[in-house]
1. I'd like the antiparallel share, as a percent to the nearest 5, of DSSP beta bridges with both residues in the chain.
2. Figure the gain on full extension for Glu225 and Asp143 (residue separation times 0.36 nm, minus the Cα-Cα span) and round it to one decimal in nm.
3. Taking Cα atoms, how many degrees apart are the long axis of helix 290-319 and the longest axis of the chain, rounded to 10 and kept between 0 and 90?
4. How big is the gap, in Å, between the Cα center of region 201-251 and the Cα center of region 104-143?
5. Do you know the Lys pair count in the chain for C-alpha distances under 22 Å, with sequence separation 8 or more or different chains?
6. So what are the radius of gyration and Dmax for the Cα set of the chain, in Å?
7. Among Gly98, Gly235, Gly142, which one shows the biggest mean-square fluctuation in a GNM of the chain, springs joining Cα atoms closer than 10 Å?
8. So, in nm, how far is label Glu270 from label Asp248 when the simple model puts each one 7 Å beyond its Cα toward the Cβ?
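Each value in this text was obtained by applying a stated rule to the coordinates, not by laboratory testing. Owing to the predicted nature of the structure, the values given are computational and were not obtained by experimental measurement. Backbone-built Cβ (ideal geometry, glycine too); neighbour counts: all protein chains shown.
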Amino acid sequence: MRILSGIQPSGVGHLGNYLGAIRQWVSAQDADAYYAVVDLHSLTLDIPPDRLRVQTLDTLAILVAAGLDPEQCTLFIQSHVPYHAQLNWLLECVASYGELTRMTQFKEKSGRQEGYRVGLLTYPVLMAADILLYRAEQVPVGDDQRQHLELARNIAERFNNRYGEVFTVPEAVAPPFAARVMDLQDPSRKMSKSLNSPLGTIYVLDEPDEIVRKVKKAVTDTDGEVRYDRDDKPGLSNLLEILASLSDEAPESVAARYQRYGDLKSDVAEAVVGALEPLRLRFLDIREDETLLRQVATRGADKAVATAEPLYRAAAEAMGL
Ligand code: TYM
């Protein structure tokens, strides 16, 4: 089964990235799995070049520390493979302006910025290019990327109908729980790299005492009943989902074990520390060896180019180039 997914290096990854995406990537990794640090995507934000360079290597190191093995899967940096940007252009001439302006993420992010970049609008087309270049059948992502996956499917189908069968139509795969981890301080919005919510966001490189502090301060409610109900009890349900995801059980059965919010919070904190602390320690080791990280990236790019190039050529030829 061909798999592709990606993560932006726009900041240190957080618990949502880990539970919604990275953990799935690790369990699905094999010779047919491609995972990218999508640095081109981060240019949609105003990010200083030096910071982008550092964060791209940080993100690569986080993925290795989380358990992605460059011997088993293909781990690469998007901008090292020129066909992403090239196919992006071809697909921009297949996608319509209307469908891009309808994207929820675009509406939210463009509303927060004045004079936003055109890339913010066209970014889902680049994401479609990432996926279609590798003929990915499955794309493991969190819930917030589902709409972008729908767009990638539509673009693939439209292209195939108009120009001949070149692309595989991909499918989104989200985990059963924690596909949408919410901000601990405001459980009505998702945990996010781009929102500034230091206490509401658990970063994968947070130290244990920071994690404990953030979980203890997580916003819940006052009725005191431990019950899984995302609508009426969003904060508590978020904690239940986090623990459910880390212990591979249903949030309802997690809820049944607790009488008090405090006990639940202690166990959530312990489970998150148990998952992230080994990652953080491995990261500190791996990040020191930049030569090794660069070797991983070079090798990944070579493998990715070998897969992407024939697909790009087929698409370009089909369109008459
Ligand atoms: P990004 O970098 O925002 O997030 C990386 C992955 O983490 C998931 N995620 C979450 N899951 C659960 N709860 C959350 N609060 C949460 N926040 C983020 C995302 O769904 C994603 O799977 N456009 C993509 C990157 C991308 C991509 C691709 C993904 C570019 N090209 C091709 C798949 C295939 C993005 O910005 O993800």
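1. Just about 15 percent of them are antiparallel.
2. Computed gain between Glu225 and Asp143 is 26.8 nm.
3. 50 degrees
4. If you average the Cα positions of each part, the centres end up 28 Å apart.
5. Summing the qualifying lysine pairs gives 19.
6. Looking at the chain, its Cα Rg and Dmax stand at 20.0, 66 Å.
7. Gly98
8. 2.0 nm
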